[in-house]
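The block underneath contains the structure these notes are about, expressed in structure tokens.
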Amino acid sequence: MSLIYPPGSLKSHPLNASPDYGSTLKRAPSKPLILLPHTLSETTGPVFGHAALAAGDSDLTRQHQGEPLGERIIVSGRVLDEDGRPVPHTLIEIWQANAGGRYVHVRDQHPAPLDPNFTGAGRALTDEQGRYRFVTIKPGAYPWRNHHNAWRPAHIHFSLFGPSFLSRVITQMYFPGDPLFKYDPIFQSITDANARERLISRFDLATTEPEWALGYRFDIVLRGRSATPVEEPHDH
Amino acid sequence: MTTEQQAPQASGADLGITPSQTIGPFFAYALTPRAYGGPELATEQIAAEGVAGERIRIEGVVYDGDGAPVGDAMIEIWQADAQGRFHAAGNAGFTGFGRAETTAEGAFHFETVRPGAVQGPDGRLQAPHLSVSVFARGILVRLATRIYLSDEPGNAGDPVLMLVPADRRATLIAQRVGDTVFRFDIRLQGEGETVFFEA
């Protein structure tokens, strides 16, 4: 069975030409994109199994000798397609700043402390029901130089493959109630307000563990619907 | 949704997709962690030594609209094997998938085998090609493009290249610059801008 990827679903994405986000000015294509037919090159994609993971990859608080500083959190959710079907066995890679808003990256110059017990990278595979779970530290906000007094809302980067090269997506998960949303041109590059909401995780008491960590729920919806019969392309 | 409460996120057929966001400048220790000693999921080696097919190396530089090299981009490749197969069982050492971080000078390369032809629209064969995604700070949605090879006679009739205005097709064709080396620069914007696809 092949999958159908309706082009209309792309309207949820931001435009690369989003001038309030300064880095787009010299990096967004200036010519219109050309519509690509969906051949096997697009409807297939890399598949990763458990060999891609090591023990502890999904617990970012256990990757060093000691406990990281900051607020321990659990982030879990499901990966689904546009019809709400689970996407099983798909790889999720995440990365983030530490509790002080500092990345372990040679070019991060924010004068906040590095945490010797926190690197901020993790991997997980979704299970049969498309579920995943990470344990990590709530990342801090940090300044950047996009405009005067620019600060990024706290976020965790998510990278997913899904079933094909067409479902490949890199995105960011945000936290509910962040006062920085309305000032952040990366978050605001998504013009559809409903689509922006889909990047905000929800506090979830069911994910929260007593005496240990708050839980956040973040479901991810990838492109792709199951094929409808070729003879009845408009039939559900 | 007009209700003030956020709607459940997994509620059925009206689900919209999760929007893309930029990879940002700090992805390396998760996605391309070699410099940090981390375990690499994928590298610039798509085909190990000994995999069937003609070995090729593809190398290039990513440039921005000012012609400045983009030193914080990530390039991903997806391709068929030499027989034109994706996910070929038993083709050990061939992943079909490559991932590379650009150097400070904007350079990237991949080590692979020349892909075979893959079926395209209407059952016609496509010329051999590699599918490419470009991610970088300032790119909000992955940029999709293709690499064709300059010495492939099938390029002239390729159904996807035919969709591209003739004066821009060259931006999709890697030029042979050595016995096994092809050059493919990526220009994000402006003069000589690479053709990007809406996929």
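Brief remarks follow.
- Among the residues of A:87-99, the average count of other protein chain beta-carbon atoms within 10 Å of the residue beta-carbon is 1.
- The dipole here belongs to segment B:141-199: it is taken about the Cα centre, uses +1 on the Cβ of Lys and Arg and -1 on the Cβ of Asp and Glu, and is about 120 debye.
- Take each peptide in A:6-19, A:157-170, count the other Cβ atoms within 10 Å of every residue, and average; sorted highest first, the result is A:157-170, A:6-19.
- The distance between label points at B:Glu198 and A:Ala206 comes to 3.8 nm (points 7 Å beyond Cα on the Cα→Cβ vector).
- Average partner coverage of A:165-175, which counts Cβ from other chains inside 10 Å: 6
- Kirkwood radius for chain B, taken over all pairs of different Cα atoms as the inverse mean of 1/r, rounds to 18.3 Å.
- Accessible surface buried once B binds A (1.4 Å probe; total of both sides; Å²): 6900
- Normalised by residue number, the volume inside the convex hull of the Cα atoms of the protein assembly as shown is 152 Å³ per residue.
- Segment A:127-190 - percent of accessible surface contributed by carbon and sulfur, probe 1.4 Å: 54
- DSSP-loop trypsin sites (Lys or Arg not before Pro) across segment B:110-158, with at most 13 other Cβ within 10 angstrom: B:Arg124
- Net charge of neighbours whose Cβ lies under 9 Å from the Cβ of A:Ser164, counting Lys and Arg as +1 and Asp and Glu as -1: +1
- Cβ charges +1 (Lys, Arg) and -1 (Asp, Glu), total dipole of chain B, debye: 320
- Residue mean of other protein chain beta carbons inside 10 Å, A:194-202: 4
- Protection proxy ranking of A:69-82, A:171-184, by the mean of other Cβ atoms within 10 Å over each peptide's residues and highest first, is A:69-82, A:171-184.
- For the protein assembly as shown, the residue among B:Gly96, A:Leu214, B:Pro25 whose Cα projects farthest onto the positive side of the dipole built from Cβ charges is B:Pro25.
- Percentage relative contact order, chain A, counting C-alpha pairs under 8 Å, at least six apart: 27
- Across segment A:131-182, the fraction of Cα-Cα pairs farther apart than 17 Å, rounded to a whole number, is 51%.
- Its residues counted as N, segment B:116-199 yields a C-alpha radius of gyration over 2.2 N^0.38 Å of 1.11.
- Ordering of A:44-55, B:20-31 by packing is B:20-31, A:44-55, highest average first (other Cβ atoms within 10 Å, averaged per residue).
- Radius of gyration (Cα atoms) of chain A, expressed as a multiple of 2.2 N^0.38 Å: 1.08.
- With protein chains left intact and a 1.4 Å probe, residues in chain B average 39 Å² of accessible area per residue.
- Above 18 Å, the calculated P(r) of segment A:1-131 contains 71 percent of its Cα-Cα pairs.
- For chain B, the relative contact order comes to 23 percent (Cα pairs under 8 Å, sequence separation of at least 6).
- Over all pairs of different C-alpha atoms, segment A:15-56 has a mean inverse distance whose reciprocal, the Kirkwood radius, equals 14.4 Å.
- Portion, in percent, of the accessible area of chain B that falls on carbon or sulfur, probe 1.4 Å: 50
The values are calculated or read from the model by the stated rules, or taken from the named source; none is laboratory data. Every value quoted in this text rests on a predicted model; they were computed, and no experiment measured them. For neighbour counting, all protein chains shown are included, and Cβ atoms are generated from backbone atoms with ideal geometry for every residue, glycine included. Each accessible area value is taken on the protein alone, full model and side chains, heavy atoms only, with ligands, DNA and RNA left out. Shrake-Rupley method; radii C 1.70, N 1.55, O 1.52, S 1.80 Å.
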